1. List Cys248, Cys493 from most exposed to least, where exposure is judged by having the fewest other Cβ atoms within 10 Å.
2. At a temperature of 25 °C and a viscosity of 0.890 mPa s, determine how fast the range 24-126 diffuses translationally according to Stokes-Einstein, using the Kirkwood radius over alpha-carbon pairs as Rh; express D in µm²/s, rounded to the nearest whole number.
3. So for the range 270-387, considering every pair of alpha-carbon atoms, how many percent are separated by more than 20 Å?
4. Taking neighbour Cβ counts within 10 Å as the exposure measure, how do Thr53, Thr466 sort from fewest upward?
5. Starting from the Cα gyration tensor of the range 60-171, take the square roots of the eigenvalues, sort them a ≥ b ≥ c, and report rounded, prolate or oblate (rounded when a/c is under 1.5, otherwise prolate if a/b is larger than b/c, else oblate).
6. Compare the peptides 528-537, 38-47 by average per-residue count of other Cβ atoms within 10 angstrom and give them in order, highest first.
7. Arrange His383, His231 by Cβ neighbour counts within 10 Å, fewest through most, would you?
8. When all C-alpha to C-alpha distances in the range 322-411 are sorted into bins of 5 Å, what percent of pairs does each bin hold, rounded to whole numbers?
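Each value in this text was obtained by applying a stated rule to the coordinates, not by laboratory testing. Everything quoted here is computed from the prediction, not taken from an experiment. Cβ: placed from backbone, ideal geometry, glycine included. Neighbour counts: every protein chain shown.
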Amino acid sequence: MFRVKMGVVIARLCLLLMLAVYSSYGGGCNFPEGWTGGWFQSGIPGLIYINSTNMQGKGDCAETDSNDKFLVYDRNEDCYRCLVIHEKHKYVLQYKETYCGQRDSLTTMCESITGDAALYSMFRKEPMPEPQPCPFHPAPFTFTYSRGSGDCMNPPSRAESCTDDSRLLLRYMACPDVPGTESNMEELICLATWKEGSTRYLVGLISQVQRMNTIATDEDMYRCFVYKGNHADKTVTYTIAQSGDATCNGLTSSVDGSRTMKLTNIDDEHNRCHFPSWIVEHHKWFSLDHKHQYKFTTKNATLKIEDQNGNIEEKRIVCHSILEQVEKNYVKLVAHLTRGCESGHVCVRVWRRGGGVLELQLGSTLAPAPQAACQDPPRYTPHVTLITTQLSPQHCPMMGRYTVVDSLADRRRRRQKDIDEPGTSVGETEKALECVMGAYDSASIGCGAAQDTIEFQSACTSTVYTCYGNWREGSRGLVVAAPRGSPRPHALCFIYTMHRRNDSAGGAVQYLSVSGVSGSCDRNVIPGLQGDKAYNLTINSKCEQTGMFGSAARRVLPAAALSLALALTLAALS
């Protein structure tokens, strides 16, 4: 019994001894959880990794005052040092330290750090930080700059915003009368901002846009800035001082740095230009397939484009000046477009196509001056068809009942005849393919009470669409329609034309050739041959005539032919 008790006592003493040794070598405290990861510090090869108890190259956390002072034990040197660490931002740590020596109290060791001791900055690298909005707005700006040999003022340099508000494009101009200046383009990515008293700091990454083949290191890219803003009436100016290396050392004023800049905002008349009310009555518009969103912001003067995953695309459009407007159906204007960090002025045209349907078209090139955007005349990118979630039904343009005499689905089905399995008749295979591939044999347009629906029918299925907008361009007709009852309709654009063919008896028959397109109203699609769906139709009867669904093609009037085309288009929608 005595031996058992002595064994327990000895075990406890060993445990206490182990804990004492462990405490003396660190492990007695923890670093904040938010510091875990890899950090870059100028002059240190590789990254400094921090976990809950250890800072690489410094030691294990032995004691802390739960504020900003940490006593750490360096196992390699068998010594202690005090670290005073300040979290300026979740991506920026700054610290001072003592020499490594014999252990003393935390207070005593930390008090030995003098006010002029070296200040070290660490910037988070792993996990990769998310850029933060830059504090300089509203861009664009003109700016002057100095590298210590005089201010480069003429010609003025220019700072422009990017689509992502965490980036700023700096276009430096060379001044012939100022040595050391050169034409250059840099992109600033803003990572962190904080304030100490009245002094504001920024940490960012600088990349050389015009020197893409240059291998840039963290030492080349990380820079610290001190900035000060001055807002007076409609003028906004910023004075900025930039560090000469990847530290914040020596930066105390916005007018004293390795490079200084003075930014002044440009009045581009944006405050006096707004998109028309019939466009911004809905602040959100969508592409026909709902893959992209067009969102109006900033007092109806700015249009941002993003995909449905929330990713901002490389376009932002700001209204500059309206050149032409026709009631509530058409507008032509000049806008300032930003695509990534590239920007300039473009010609913009917008049409109202129906209840909740717009078409947008942009110039294909960027002009440096707004006066040149809509001259010569400009070339345009393809039309973009937009819809809202609050669509208003409209009468379908052509009323009647139609026969589908040929379709892209038919042609595909005929090419699939060889897939018949042994024992399956050709007729059974064709019928199965017809149901799967959406091959319709008839269609009715505008024959309901509201005259706003298109219904396609086959032996095994039917599909109903609602018309929301239609218009004509020369010999072509275009219709935007969506499946009935869908809470978030993915609409189609049906493009159709009318033409004549001779039947077997030598008589002239009018056909409507229709193609359904899912993305936008693509003018390059050949109706009846290309697109997501393609059909050829002939008129069968008017809406008030029930029955009469003959299979033979008949002559039709031009108006009926147009309705036929529309029906075909809707068929494609299925």
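1. With the sparsest Cβ surroundings first, the list reads Cys248, Cys493.
2. Answer, rounded: 180 µm²/s.
3. 36 percent
4. Lowest count first: Thr53, Thr466.
5. It comes out prolate by the Cα gyration axes.
6. With the highest mean Cβ count within 10 Å placed first, the list reads 528-537, 38-47.
7. Starting with the residue having the fewest Cβ neighbours, the order is His231, His383.
8. Here the calculated profile for the range 322-411 is 3, 11, 16, 16, 13, 12, 10, 7, 6, 4, 1.
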